[in-house]
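Please read the structure below before turning to the comments.
All of the numbers you see were taken from the coordinates with simple rules; none came from a lab. Fair warning: this is a prediction, and the values are worked out from it, not measured in the lab. With ideal geometry, Cβ positions are generated from the backbone for all residues, glycine too; neighbour counts draw on all protein chains shown.
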Amino acid sequence: MAVPKRRVCHGRKKRRQSHQALAAPALAVDKSTKSVHRPHHVDLKTGLYGGRQVLFKDDAAGDTGGASTDTK
C-alpha cells in the first residue's frame, strides 16, 4: 500500500486543486422571445433553433399524407 513520505503543504494542495473548479454552463438569450437556452441547442420552451421553428410544429397545417376524412 502506498503511503506518502511527507505531508502535502497547503500551497501545493491549493495549486493542484485550482484546476478542479466547476465552470458555469454557457447560456444564450433569444433575441425575439428573450428566452434563455444553451447555445447551439434547441430552445425547449419555444421550439426555436436558429430562428426556425423545429419543435412543436402544427401538424394540421402541413398534413398532406394519409387517408382523407371527407364524407360525401
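Please tell me if Arg12 is at negative phi and in a helix (DSSP H, G or I). Yes.
Quick one: how many residues across segment 30-39 are surrounded by fewer than 11 Cβ atoms within 10 Å (Cβ to Cβ) and closer than 16 Å to Gly50 by Cβ? Number of matching residues: 3. A search for C-beta distances below 7 Å between a residue of segment 35-53 that is farther than 15 Å from Pro25 by Cα and touching a residue at least 40 places away in the same chain (Cβ under 8 Å) and any residue that is charged (D, E, K, R) and outside any loop (DSSP other than H, G, I, E, B), counting only pairs 6+ apart in sequence or on different chains, returns nothing.
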